[in-house]
1. Can you pick out the pairs among 172/332; 138/167; 53/292; 218/332 whose Cα atoms lie more than 31 Å from each other?
2. So what J values fall out for the range 61-74 if you push phi through Karplus, 6.51 cos²θ - 1.76 cosθ + 1.60 with θ = phi - 60°, rounded to Hz, Gly and Pro as x?
3. Just to be sure I understand: with springs between alpha-carbon atoms less than 10 Å apart, which residue in 173, 301, 64 has the highest mean-square fluctuation in the Gaussian network model of the chain?
4. Between 272, 171, 186, find the one with the highest GNM mean-square fluctuation for the chain; connect C-alpha pairs within less than 10 Å.
5. Using the charge dipole of the range 55-159 (Lys, Arg: +1 at Cβ; Asp, Glu: -1 at Cβ; taken about the Cα centre), state which of 152, 79, 100 has its Cα farthest towards the positive end.
6. Considering amide H positions built from the backbone, and no H for Pro or chain starts, which residues 5 or more places from residue 79, or on another chain, come under 5 Å of its amide H?
7. Apply the Karplus curve 6.51 cos²θ - 1.76 cosθ + 1.60, θ = phi - 60°, to the phi angles in the range 142-149 and return the couplings in whole Hz, x for Gly and Pro.
8. For the residues 81, 113, what sequence is obtained by ranking on other C-beta atoms within 10 Å, fewest first?
Amino acid sequence: MRALRLVFIAAGGLLGCNSILGIDNEYKLEDSGASASDAAEESNAHAAPGVSKQSCAPELTCGNEVAKQSCCAGDRLEGGEFIMGCTVPEQGDYDEYPQHSAKVTSFRLDAYEVTVGRFRKFVDAFGDGWRPMVGAGKHPLIDGSFWQEDWYAKLPPTREALIENLKCITYKNTWSDSINPDRENYPINCVNWYESFAFCIWDGGRLPTEAEWEYAAKGGTADRTYPWGSEDADCAHVRMAECEETPDGGVETTPFVAVGSREPGKSLWGHYDLAGSMWEWTFDGYDDEWYKKYPGNNCQNCANVARGPRTDRGGGFYETEARLFRSTYRGKDFPENRNDWLGFRCARDDP
């Protein structure tokens, strides 16, 4: 799916060979008629801080029977300096170069992608009027990395509108209107960047920066080609296209698989599905030359805070090429976009 979209855009002469943009208005919300200032005034009346990991209280558990833990699990990663950018030269794309030094401070990253069950609690809070405060979700060391006032207009106006957003692809959206035990541990999909960021703020966190995401996927200085190591991506490690996913062993390309289902694909620090399952939103704006200019080429607790397309990472369940699951591979989408292969996880600054 991702590759087909790429071919379509390239054929249109719009973007280069690694431009993995969705079609801007294909999944875009209809204009509600409200101005950004009207939306901000209304939302500010309900703005409130988030509460850390409230999406998992009472406890929601993920993982297999042997490794079952809170869906909000995520040990604190000790910060450090690592080499960011392409690890396997013959497989890299132009936007993965040059390799460069990057530093991140200590942070937490959710072990699992956000699930339907966790997002369900946010939908209820959203319906009760909760909205993120202006300035919330900021990386403590990165200016401009917070929720901004004009983004209120990018959120749906009501709970009902948010739920309709979550049904963006018929038969491929993981959301269910009522609690369905078979679906609660599926990764939530059909969420755009604004909704993902708002959820993370409500849950006491933020979206990870692109450098943080790659630091976790590489295992820092372990410099892993894939989150699990150097073995090529296959169905044992990754939720990818044409794997045996149905109970009877049938081959199916589907989002309907619980998070954490690929134990061999676990990262060095215990994160699941950093490769495969959903493409994951990061905070950063996308720039194909970000690694070639300051501060991107010497990223010391940095993020690209520019407006425009946003970077997503990790590859998705439609992919078939092993190289698309590498820890350094970069994708991008307009922040308004939603699709059945787009999801996310949250970062946190909890001690």
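Bear in mind that the values in this text are calculations on the coordinates, not laboratory data. Everything numeric here is computed off the predicted structure, so don't read it as measured data. Glycine gets a Cβ as well: all are built from the backbone with ideal geometry, and neighbour counts include every protein chain shown.
1. Numbers: 172/332 21 Å; 138/167 29 Å; 53/292 37 Å; 218/332 20 Å.
From 172/332; 138/167; 53/292; 218/332, over 31 Å: 53/292.
2. Calculated HN-Hα couplings, in order: 10, 10, x, 7, 4, 6, 10, 5, 7, 4, 5, 9, 4, x Hz.
3. Among 173, 301, 64, the largest mean-square fluctuation in the Gaussian network model of the chain belongs to 64.
4. 171
5. Sorting the options by dipole projection puts first 152.
6. So residue 79 has HN proximity to 106, 107.
7. Using θ = phi - 60°, the values come out as 10, 5, x, 9, 10, 5, 10, 4 Hz.
8. Least to most surrounded, the residues fall as 81, 113.
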